[in-house]
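Right, one structure below, let's go through it.
The values are calculated or read from the model by the stated rules, or taken from the named source; none is laboratory data. Given the structure is predicted, the values throughout are model-derived calculations rather than measurements. Here the Cβ positions follow ideal geometry from the backbone for every residue, glycine too, while neighbour counts run over all protein chains shown. Note: accessible area is taken over every heavy atom of the protein model, side chains too, but ligands, DNA and RNA are not part of it. Shrake-Rupley method; radii C 1.70, N 1.55, O 1.52, S 1.80 Å.
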Amino acid sequence: MALVPMKQILEEAKKKGYGVGAYNVNNMEQIQAIMAAAQETQSPVIIQASRGALKYSNFTYLGYLMKAAVIENPTIPVAMHLDHGNSLDSAKKAIDLGFSSVMIDGSLKEDGKTPSDYEYNVNVTRSVVEYAHKYGVTVEAEIGRLGGIEDGVGSGSAHITDPKEAEQFVKDTGVDALAIAIGTSHGAYKFKGAKVLAFDVLQEVRKLIDIPIVLHGASSVPKELIDAVNKYGGKMPGAEGVPMEHLQKAIQLGVQKINVDTDGRLAMTATIRKVFTETPEKFDPRDYLGPARTALQGLIASKMKAFGTAGHAGDYAPMSLEDMKKIYNK
Ligand SMILES: [Zn+2]
């Protein structure tokens with residue numbers, strides 16, 4: 001079994017200067033595609049489930065499918081991560097399901113919509129850190145606020161991270177990884193005007209904190225995929241993401257975890273639309289979910305190569321949650 005705490009995957013990436021994608025999953029085909037890409041490129045991997053995804057799958061189904069990914073891929077370091085936990089309770093549920101990592105997003109209140117304040121964020125994050133570390137589980141938190149809304153999460157307004165506040169937040173909470181807001185946003189429509197990320201803010205944060213940094217809303221929304229969706233009956237005018245060169249620059253400047261959800265959705269949807277359009281007689285779900293899975297594997301493998309994750313699966317001996325517990329208890 002190579003279920004590892006996310007902290008190890010990210011610390012190793014930080015040492016060697018590469019990025020690790022965290023790919024959102026809702027169902028079996030997505031999980032299989034991501035793991036096949038990890039095998040193909042020999043990459044450590046983070047599979048993450050949002051609260052929405054867990055709810056959609058009634059928690060147990062998705063939890064066990066993610067565990068199957070670990071069992072079927074014993075040589076790949078895998079972290080099972082909760083994306084955008086909103087409370088201590090949501091973190092507890094994920095840890096009960098066997099997750100090796102949780103995010104607590106205290107930049108928003110428990111409704112996942114209302115912007116919170118610094119005190120609130122520190123308090124809720126600290127409560128999750130205290131709980132999770134007892135189990136050797138990694139905690140990611142967020143400071144600043146991302147734009148966009150996805151899976152019902154987001155206030156719709158963005159707030160770029162203040163580097164000094166980030167530094168203080170890490171000291172106040174003891175968190176393992178920090179998501180910062182530098183201009184990316186959730187969803188398929190990321191930029192209204194020029195595509196600009198605040199690289200200066202990232203550099204400043206990197207100077208002030210020593211833990212891994214996380215970029216949310218980091219799909220590239222490739223034009224080919226949008227064109228394919230639209231060609232086969234979709235309607236996504238003006239969808240835009242973060243160009244891969246910008247993500248690679250962010251990795252160079254010290255980002256370790258890159259969250260990707262939208263691009264995977266697009267790859268599957270484009271493929272399924274194509275199958276329906278070209279072969280309308282098909283009605284077996286395997287006839288469209290199979291090709292969608294293959295397309296997603298290709299997309300994820302290309303990300304693993306572009307982020308520099310490829311080839312690093314065998315670099316280190318996987319740590320268990322028990323090992324991590326001992327480190328936290330020191
Ligand atoms: Zn996010």
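May I ask you to say which residue of 135, 131 is outside any helix (DSSP H, G or I), more than 16 Å from the ligand (Cβ to nearest atom) and at negative phi?
Working: 131 fails: outside any helix (DSSP H, G or I).
Only one candidate passes the filter, namely 135.
Listed here are the residues, each with its yes/no results for (1) modelled with pLDDT of 95 or more; (2) within 22 Å of residue 190 (Cβ to Cβ); (3) open to solvent by 10 Å² or more (accessible area, probe 1.4 Å).
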site: 77; (1), (2), (3): yes, no, no
site: 84; (1), (2), (3): yes, yes, yes
site: 88; (1), (2), (3): yes, no, yes
site: 96; (1), (2), (3): yes, no, yes
site: 125; (1), (2), (3): yes, no, no
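Within segment 98-114, if we keep just the residues that are open to solvent by 10 Å² or more (accessible area, probe 1.4 Å) and more than 15 Å from the ligand (Cβ to nearest atom), the residue that is nearest to residue 69 (Cα to Cα) turns out to be 98.
One residue is enough: does segment 223-244 have a residue meeting the conditions crowded, with 16+ Cβ neighbours inside 10 Å, in contact with a strand residue (DSSP E or B) (Cβ under 8 Å, 6 or more places away or on another chain) and on the phi > 0 side of the Ramachandran plot? No, there is no match, as no residue in segment 223-244 is crowded, with 16+ Cβ neighbours inside 10 Å, in contact with a strand residue (DSSP E or B) (Cβ under 8 Å, 6 or more places away or on another chain) and on the phi > 0 side of the Ramachandran plot.
For segment 149-169, residues that are open to solvent by less than 30 Å² (accessible area, probe 1.4 Å) and away from the ligand (no atom under 12 Å from the Cβ) total 4. Among the helices (runs of 4 or more DSSP H) confined to segment 149-266, the ones with at least 2 residues that are under 24 Å from residue 34 (Cβ atoms) are located at 223-231, 244-252. The criterion of being on the phi < 0 side of the Ramachandran plot, open to solvent by 20 Å² or more (accessible area, probe 1.4 Å) and part of a loop (DSSP other than H, G, I, E, B) does not hold for residue 58. With respect to residue 253, is the statement that it is within 30 Å of residue 15 (Cα to Cα), within 20 Å of the chain's Cα centre (by Cα) and surrounded by fewer than 23 Cβ atoms within 10 Å (Cβ to Cβ) true? Taking the combined requirement at face value, the residue satisfies it. Pairs only if they're at least six apart or on different chains, beta carbon under 8 angstrom, first in segment 1-20 and at pLDDT below 95, second open to solvent by 10 Å² or more (accessible area, probe 1.4 Å); list them, first residue then second. Every condition considered, the pairs that remain are 1/71; 1/74; 2/73; 2/74; 2/75; 2/318. From the list 215, 197, 146, 208, the one residue that fits, being over 26 Å from residue 90 (Cα atoms) and within 16 Å of the ligand (Cβ to nearest atom), is 197.
Kindly indicate whether residue 252 is touching a Gly at 6+ places or on another chain (Cβ under 8 Å) and of a type in the set (S, T, N, Q). Please lay out each step first, then the result.
On the way: touching a Gly at 6+ places or on another chain (Cβ under 8 Å): yes; of a type in the set (S, T, N, Q): yes.
Yes: the conditions hold for residue 252.
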